[in-house]
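Asks: Supplied in structure tokens, the structure appears directly below.
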Amino acid sequence: MTDIKTLALKYGGYTSLDKVYLDQILAGRSEEEQLALITPPPSVVNAYFAELYQKKSPQAATDYFAEVSQELNLYNADPSFTLETKPFIRLNLSGKSFGFCYEREGLGRIFSEAEELITDELLFEIAQIFPHQLVFEESGKIYMKAIGEEEVVNVETHSLDRFGKLGRWSQASQRL
């Protein structure tokens, strides 16, 4: 893992002028306590995410949040609005409050503040906000992951011959 002071300077809003201060407040603390001290508050994480989203791209924003989640151990398998123990990104979807966090490396999770039915329209709205992500539902939860390389599969195409019998027309590889 990267040095805690380096993480504080990169993600926590501290500058090189704060190095002596950081040495003092981090001394004698466990790694978990140190991470808690240098993790920026949710408002800062959300503001920087929004700035990157608007000024650069949705990909730049999610890349930032994936990186900060990994470096500061912000992974959260049980995200909640009421028990916010780690910062997450707040989203307004169809006028309702949702959150976005990473459960683990490469796997994002969208969750609602209140109980919401997962509809195709909701999934489509998320996909429009994050067009570089694959959005899917699994076990009643909404997940996102980066769209990876296209997968090559073999496809056999069949057609009816002039007598109405099914016959092989061609065999090809197709990119999905």
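Each value in this text was obtained by applying a stated rule to the coordinates, not by laboratory testing. Source: prediction; values computed, not measured. Neighbour counts run over all protein chains shown; Cβ positions are idealised from the backbone, glycine included.
Asks: Stokes-Einstein at 25 °C, 0.890 mPa s, Kirkwood radius from Cα pairs: D for region 1-153 in µm² s⁻¹? If you can, show how the numbers build up before the last one.
Replies: Working: Rh = 16.7 Å.
Stokes-Einstein gives a translational diffusion coefficient of 147 µm²/s.
Asks: Further, regarding this structure: With a cut-off of 8 Å between alpha carbons and a minimum separation of six or more residues, what is the relative contact order of region 1-145 in percent?
Replies: Working: 171 pairs, mean separation 24.0, N = 145.
It comes to 17 percent, rounded to a whole number.
Asks: Let me ask another. Excluding S43 itself, calculate the net charge of residues whose Cβ lies under 15 Å from the Cβ of S43, where each Lys or Arg counts +1 and each Asp or Glu counts -1.
Replies: Working: positive: K86, R90; negative: E51, E84.
Local net charge: 0.
Asks: Give the Debye-formula value of log10 I(q)/I(0) at each listed q (0.25, 0.26 Å⁻¹), with one equal scatterer per alpha carbon of region 1-88, two decimals each.
Replies: Debye output, listed in q order: -1.30, -1.35.
Asks: Of K5/K56; K86/K145; K96/K141; K19/K56; K10/K96, which ones are farther than 24 Å apart at the Cα? Walk me through the intermediate numbers first.
Replies: Numbers: K5/K56 28 Å; K86/K145 20 Å; K96/K141 16 Å; K19/K56 30 Å; K10/K96 33 Å.
From K5/K56; K86/K145; K96/K141; K19/K56; K10/K96, over 24 Å: K5/K56; K19/K56; K10/K96.
Asks: Provide the per-residue ³J(HN,Hα) series for region 136-144, in order, calculated from phi with Karplus coefficients 6.51, -1.76, 1.60 and θ = phi - 60°, each as a whole number of Hz, with x at glycine and proline positions.
Replies: Values per residue, Gly and Pro as x: 8, 10, 8, 6, x, 10, 9, 10, 9 Hz.
Asks: Note the full-extension length gain between D63 and E137 as 0.36 nm times their separation in residues minus their Cα-Cα distance, in nm to one decimal.
Replies: 24.5 nm
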